[in-house]
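Visitor: Handing you a structure now.
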Amino acid sequence: EELKRTVRILGRRSKNNPVLVGEAGVGKTSIAHGLAQRIAEGKVPSGLKNKRVVQLDLALLLAGTRYRGDFEERLRNVVKEVTESQRTVILVIDEVHTLVGAGSGGGSDGGGIDAANLLKPAL
């Protein structure tokens with residue numbers, strides 16, 4: 001049922017960015033994998049055929065970042081690449097909640113950037 005709902009949301013012209021929320025182990029990642037499988041098998045509406053499901057690994061994106069701004073730059077590059085794919089990529093971000101506050105530097109001066117805000121223009 002959740003997979004069908006996700007497919008319906010992705011098929012919309014607008015507001016087509018599903019967010020799967022739930023406790024660990026309830027099957028959020030399995031839904032994303034099921035979606036990829038259905039697309040590969042051609043068992044989706046025509047608007048979703050020829051799409052690629054790409055899972056962003058936040059741990060790899062963070063790996064090796066040493067300076068303030070490194071992570072944000074990497075995330076900007078991912079968003080740019082997905083945006084330039086001409087709507088052929090469905091980006092799956094597991095543990096997306098970890099982006100809130102990421103890159104902010106943890107300072108109380110309000111400086112830095114909330115990495116989640118980098119995604120907003122692409123949504």
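The values are calculated or read from the model by the stated rules, or taken from the named source; none is laboratory data. Note that the structure is a prediction, hence the values are computed from the model and not measured. Cβ sites come from the backbone with ideal geometry, for glycine too, and all protein chains shown count toward neighbours.
Visitor: Do you know which residues across the stretch 13-26 are surrounded by 14 or more Cβ atoms within 10 Å (Cβ to Cβ) and either assigned to a helix (DSSP H, G or I) or not polar (S, T, N, Q) (or both)?
Guide: Within the stretch 13-26, the subset surrounded by 14 or more Cβ atoms within 10 Å (Cβ to Cβ) is 16, 18, 20.
Passing the criteria: P18, L20.
Visitor: Within the stretch 56-89, track down each residue that is surrounded by fewer than 14 Cβ atoms within 10 Å (Cβ to Cβ) and assigned to a loop (DSSP other than H, G, I, E, B).
Guide: Once the filter is applied, which keeps residues that are surrounded by fewer than 14 Cβ atoms within 10 Å (Cβ to Cβ) and assigned to a loop (DSSP other than H, G, I, E, B), the stretch 56-89 yields D57, A63, G64, R66, Y67, G69, E84, Q86, R87, T88.
Visitor: Are any of the residues in the stretch 25-44 modelled with pLDDT of 80 or more, of a type in the set (S, T, N, Q) and not assigned by the TED database to the domain that holds R5? Quick ask: steps written out before the conclusion?
Guide: Going residue by residue through the stretch 25-44, those that are modelled with pLDDT of 80 or more are 25-44.
Okay, now just the ones that are also of a type in the set (S, T, N, Q), so 29-30, 37.
Then drop every residue that is not not assigned by the TED database to the domain that holds R5, which leaves none.
No; the residues of the stretch 25-44 include none that is modelled with pLDDT of 80 or more, of a type in the set (S, T, N, Q) and not assigned by the TED database to the domain that holds R5.
Visitor: Shifting gears a bit: Out of curiosity, is V53 crowded, with 16+ Cβ neighbours inside 10 Å, among the β-branched types (V, I, T) and either at pLDDT below 90 or farther than 24 Å from A116 by Cα (or both)? Talk me through it step by step, then tell me what you get.
Guide: Details: crowded, with 16+ Cβ neighbours inside 10 Å: yes; among the β-branched types (V, I, T): yes; either at pLDDT below 90 or farther than 24 Å from A116 by Cα (or both): no.
No.
Visitor: If a residue has to be closer than 12 Å to L10 by Cβ and part of a loop (DSSP other than H, G, I, E, B) to count, how many in the stretch 30-47 make the cut?
Guide: So the count comes out to 2.
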